[in-house]
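Before any comments, here is the structure.
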Amino acid sequence: MPHNHSHDGCGGESHDHDHDHGLPEEVGHRDNLYARVDRANVVALNAEDPEKGPAIIKPWDQRLDEETYVESDADDQLIIRVPFTGAVKLRALLLKAGPGDQTPAKVALFPNVEHLDFSDIADMKPVQEFTIPQGRDVGEYHVMPAKFPNVTSITLFFPASQGADTTRIYYVGFLGQWSERKFEPVVTVYESKPNLADHDKIQGLNSNWSAPGT
């Protein structure tokens, strides 16, 4: 049965355990949004293999798999943009990263921001951020529902590892409620393999990074 750690953001973290009694292993949480992610249009920026971006959006029963992952390339920063096939009332982010020092220090969440890349993310304040502990389990990070009521896409920014030269992400998932949109989703087109010389690491966003006002 699922057995995950739960974390609350904005300073207060709780390490509760979540049990889904009576649910098949392949289903997991009743409000798992795997089927509602537009996986073909998931984008990973500064990834060693950008084509693997969609592959870390895995079914619940593959959440512990460590064969498929996204690893950063030029440095330890990563941006992953995840579009949904409808509007989502987001409840939680699910994340498996690492191992060890390749675990990102933090993750910053930016809902409904199109075309977000390294050139402008340094000037933006995330809607919410979480500190990520090292471990082999899937972390469950509960968002503030009032801040994520109508999410059509979410951008995850990992500003630094916990000491390694690169950051590695094995699994990204989401919990929440989905509703159908009446229009076609906007698809952002990025370079499939950006010129690494164009990616200057954002300074000041190390393991002690905290968004203004948080």
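In the set 97, 105, which member is out of contact with any helix residue (DSSP H, G or I) (no Cβ under 8 Å at 6 or more places or on another chain) and surrounded by 23 or more Cβ atoms within 10 Å (Cβ to Cβ)?
Working: 105 fails: surrounded by 23 or more Cβ atoms within 10 Å (Cβ to Cβ).
On inspection, the qualifying residue turns out to be 97.
Out of curiosity, is residue 58 touching a Gly at 6+ places or on another chain (Cβ under 8 Å), surrounded by 23 or more Cβ atoms within 10 Å (Cβ to Cβ) and not aromatic (Phe, Trp, Tyr)?
Numbers: touching a Gly at 6+ places or on another chain (Cβ under 8 Å): yes; surrounded by 23 or more Cβ atoms within 10 Å (Cβ to Cβ): no; not aromatic (Phe, Trp, Tyr): yes.
Considered against the rule, which asks whether it is touching a Gly at 6+ places or on another chain (Cβ under 8 Å), surrounded by 23 or more Cβ atoms within 10 Å (Cβ to Cβ) and not aromatic (Phe, Trp, Tyr), residue 58 comes out as no.
Name the pairs: first residue in the stretch 119-137 and of a type in the set (Asp, Glu), second residue modelled with pLDDT under 95, Cβ to Cβ under 8 Å, at least 6 apart or on different chains?
So the pair list comes out as 129/9; 129/10; 129/210; 129/211; 129/214; 137/3; 137/4; 137/5.
How many residues does the stretch 64-82 contain that are surrounded by fewer than 23 Cβ atoms within 10 Å (Cβ to Cβ) and of a type outside the set (A, V, I, L, M, F, W, C)?
Selection size over the stretch 64-82: 8.
Quick one: residue 108 ticks every box in (1) within 23 Å of residue 163 (Cβ to Cβ); (2) assigned to a loop (DSSP other than H, G, I, E, B); (3) of a type outside the set (Phe, Trp, Tyr) bar one, so which box is it?
(2)
The values are calculated or read from the model by the stated rules, or taken from the named source; none is laboratory data. Fair warning: this is a prediction, and the values are worked out from it, not measured in the lab. Virtual Cβ from ideal backbone geometry, glycine too; neighbours counted across all protein chains shown.
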